[in-house]
Amino acid sequence: MAIGLFVECFINGLQMGMLIVLMACGLVLVLGITKIFNFAHGEFYMFGAYITFYFSYSLFKFNYGISLFFSALGAGLLGWLSYLAVFQRIRGSLLLCAAATIGMSMAFRQGALLGFGTTEKGMPSVFPGLINIAGYTFPREKIVAIALGLLALLLLFYVLKMTKVGKAMRAVSLDAETASLQGVNVNWIYGLTVAAGCALAGVAGGIMAPILAVTPHMGHRSLLLVLIVLLVGGLESLLGAILAGIGIGMVMSFGFQFFGGISEMIVFIIIGLFLISKPGGILGRVVEV
Amino acid sequence: MSLKSNEGRSKQIALCLLLIILILIVAPLTGLVKQYHLHLLIMAGVNTILAISFLMLIAVGRITIGAAAFWGIGAYTSALVVTNLHISYWLALPMAGILTGIIALPVGAIILRTPGMAFVVLTMVVNMVFVETIGHVELLGGWVGLIDIPRPDPIPIPFFGTLKFGGKIPYYYLMLFLLTLTVVVFCALYQSRIGRAWRAIKLNERLAQTLGINVWKYRLLAFVVGSIFAGLIGSFFAHYFQSLEPKQFTVFKSVYIQIYGILGGLDFYIAGGAIGSVIMTFLPELLRGIAEYEPIFSGILLIMLVVFFPGGIMSLAHAGFVAENVALIIKTLKTLPLLNNLRKKG
C-alpha cells in the first residue's frame, strides 16, 4: 500500500514538525523581541519533558493536561530566573550570548544527568489505541500531539496579536526606547518574553514525553534541528519558522523512510547549499548581529 | 614619552617570553617533571594551538563552535594515511595540515557568506556532520574508532643522534616545536598587512569594505589558516594518543576550546589562548575526585566569565592596569589627610 505508507510518513512528519515548530517559535520569539540567542533552549524542552514524566506518571499520577500546565510553568519559571541571572546582562551581543548560553546548556544537561539519572525514562502512552480517519488508521497519540501543538501555537498567536501584553511585546521588538516612553516596562516585557519562549519549549517537552524516551540529552539533540529550521525560516519570522519546521519535519520523515540514517546528513548539506543562495532564509531578511 | 615606555615594556615582555620558553625547554631534562605532568603539559600545548586557531576567527569578528571538526579531520587523515598506506609520519604530518586546509577552503567559502548568527550555527552543523560521518562510515573507524595508531618513526637529528618516540619527552619537544611554529606564523600574520586588514574588519566590517578590503576573502584566509594548524596538531594528537574515536571531536570539545579563549581573554590572540588553555587543562585534573560535576563547574565558570569578567585573565595583566590602580590608590591616600582636616574643622 503505497498510499498508506505515504500517509503514515505524512503524519510522522507532521508530528515531528510540530515539535520542532514549537521549539523554534519559542526561540524566534525570544530572539525577535529581546535579541537573545538561546543555545540552552533545548534544555528547557528536556526540563519540560521530565516534569511531565514525573508529574503524570512516576511521582504523582496527575492528569496529563495538568502536568502539561506544570511543564509550561516550570520551564517558564526557570527561563525567567535565567533571564534575571544571566540573559539580562548579555542582551544584544552574539558572542556573549553564544558563550553564556552554551555554558548554561552544559551545566543544565550535566545537572539533569546527575539529578534524574542516565537511564532513558519512558512513560506509557496517555492516549493509546488507534483512530480511524477517512479509511486510514493512525495512532491516537500522534494525532493528539499534533492537536496540542496546534493549540499551543494558536494560544501564542492569540497572546501576541490580540492582547495588550502582546501589543507591548511587539512594540518593544520594534523600538524598546519608544515603547518605554509609552509606559511599557521594557525589562518586565523582556523577562516575560523569555519565560514565554521557555514555556513553549517546556510544553513541547511535555507533549513529546509519552512519545519519545526522556533522556538528559534529548534537548541537545533536537536543538540542532531547531537551529536549522531557524536559519531556513528566517531568524525573526514566526511564520517562516512554522513553514520551515513543518517542511523539515516532512523531509526528515520521508527521508528516513527511504534513505535510512544517512538522510539527516543529506538534509544538512542541502540546507547548507540553500543558505548560500538565500542567507536570510525563506521569509527573513539578513540580520546582522 | 609613551613610545619610550612602550619600547621598554615590549623589551620586558620579550625577556619574560624568552624566560618562559627556556624553562619549557629545560624543564623535562632536569627530571623534576613527572610523566603525568608532562602529559598534562603536552595536552595544554595541544589545547593552546586549538585555542589560538579559534581566536584567529575571533580576530576577524566571527565565532566558531566547530573548531574540533578540523582538529578531527587532521587527526583522522594522519592516522588513516599512516595505518593504511604505511608512509612515514613525517610525510603524514604536513599532509594532514594541507588536507585540512583543502577541506576547510570550500566549507569556509560556503559558510562565511552567511551573517554572524547563521555562521555560528553552521559551524556547529559542520562539526556534527563530521562526527556523524566518521561514526557511520566503517572505513573511517565507525563509532568504535581507530586503535593502534603507530608512534612517529625515529628521526635522525644532526649533532644529536636518532630521536626515538618511546617516552613522553620526544612528544613534548615535538609539541613545543609545533607550538613555536604556530605562534611564529600567527604572530607574523597578525603583524603583517593581512593582520591590519583583519583588525579593520573586526572594528567595523562596513568601513573596512569601503576601504577596499574584501571582507569575505580575508575571513576565508583566517578560517583556512586556523584550520590548517588545527589539522597539524590533530595529526600530532592522533599519534600521541594512539587511538581515536568520534566522541573526542564533538561540539563539546569545540565549546571547551571557546572556554579556553574566553578565559584567557578574547582580545589577546596568542597569550590569551595559551593562558586559558593551560588553566583549563590543569584545573579539571584537580577536580578529578568529582569528575561528574566537572561540566557543571565548567558551564558555570563560562557563564560567570561572560557575565562578570568578559575581558578574560589577560585583561588583568594589561600593562596599564597596575599603573592605573597604583595611581588611583595614591590619589585616594592623598585625599585622606584632607578629609581628616575637614572632619576636624566640622
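The values are calculated or read from the model by the stated rules, or taken from the named source; none is laboratory data. Only a predicted model underlies this, so the values are computations on that prediction, with no experimental measurement involved. Positions of Cβ are generated from backbone atoms using ideal geometry, with glycine treated the same way; all protein chains shown enter the neighbour counts. For the accessible areas, the whole protein counts, side chains as well, though only heavy atoms, and no ligand, DNA or RNA atoms are used. Shrake-Rupley method; radii C 1.70, N 1.55, O 1.52, S 1.80 Å.
Structure values in brief
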item	result
Cα shape, region B:139-191, gyration tensor, a/c 1.5 rule	oblate
In degrees, nearest ten, helix B:116-136 long axis to first principal axis of chain B (Cα)	30 degrees
Reciprocal mean inverse distance between Cα atoms of the protein assembly as shown - Kirkwood radius, Å	26.8 Å
Average beta carbon contacts from partner chains per residue of B:122-132, 10 Å cutoff	4
Accessible area that becomes buried as B packs against A, both chains, 1.4 Å probe, Å², nearest 100	3400 Å²
Computed helical MRE - 222 nm, chain B, DSSP H runs ≥ 4 contributing -39500 (n - 2.57), nearest 500	-25000 deg cm²/dmol
Cα pair count fraction exceeding 33 Å, expressed as % - chain A	21 percent
Share of carbon and sulfur in the accessible heavy-atom surface of chain B [1.4 Å probe, %]	71 percent
For the protein assembly as shown, size of Cβ-based charge dipole, Lys and Arg +1, Asp and Glu -1, in debye	2000 debye
Threshold 10 Å², region B:262-296 residues less accessible with all protein chains present than alone (1.4 Å probe)	B:Ile262, B:Leu266, B:Glu292, B:Tyr293, B:Pro295, B:Ile296
Shielding by partners, peptide A:105-117 (average Cβ within 10 angstrom, other chains)	4
Percent carbon-and-sulfur accessible area, chain A, ignoring ligands, DNA and RNA, probe 1.4 Å	69 percent
20 Å cut-off, amide nitrogen to a point 7 angstrom out along B:Lys202 Cα→Cβ, residues in region B:86-114	B:112-113
Nearest-0.05 FRET efficiency for B:Ile87 and B:Ala27, computed from C-beta distance (R0 45 Å)	0.85
Distance (nanometres) between label positions extended 7 Å along Cα→Cβ at B:Val185 and A:Ala2	5.5 nm
Among B:Pro170, B:Trp198, B:Pro154 the positive-end extreme of the charge dipole of chain B (Cβ point charges)	B:Trp198
By average C-beta atoms within 10 angstrom, highest first, the peptides B:83-92, B:107-116, B:242-251, B:29-38	B:107-116, B:242-251, B:83-92, B:29-38
Cβ-placed point charges (K, R +1; D, E -1), dipole of chain B about Cα centre in debye, nearest 20	1660 debye
Relative contact order computed over region A:91-198 (Cα-Cα under 8 Å; 6+ residues apart), in percent	10 percent
Relative contact order for region B:7-311, counting Cα pairs under 8 Å that sit 6 or more residues apart, in percent	34 percent
Relative packing of B:17-27, B:50-60, B:196-206, which averages over residues the other C-beta atoms within 10 Å, highest first	B:50-60, B:196-206, B:17-27
Global form of region B:112-170, assessed from the alpha-carbon gyration tensor, a/c cut-off 1.5	oblate
Low-density loop positions, GluC sites (Glu not before Pro), region A:102-192 - DSSP coil, at most 14 other Cβ in 10 Å	A:Glu120
Cβ neighbours within 10 Å from other chains - mean over B:304-313	4
Unit Cα scatterers, Debye sum, region B:232-286: log10 I(q)/I(0) for q = 0.19 Å⁻¹	-0.78
Span-like helix ranges in chain A, DSSP H, alpha carbon extent 20 angstrom or more, Kyte mean at least 1.6	A:2-34, A:140-162, A:218-233, A:238-259, A:263-277
Convex hull per residue volume in Å³, alpha carbons only, for region A:1-58	108 Å³
Among A:42-49, A:155-162, the order from most to least packed when residues are scored by Cβ within 10 Å on average	A:42-49, A:155-162
Ratio of the Cα radius of gyration of region B:7-311 to 2.2 N^0.38 Å, where N counts its residues	1.00
Mean accessible surface per residue for the protein assembly as shown, computed with a 1.4 Å probe while every protein chain stays in place, in Å²	47 Å²
Selection from A:Pro279, A:Phe37, B:Tyr293 lying farthest towards where the dipole of the protein assembly as shown points positive, charges on Cβ	A:Phe37
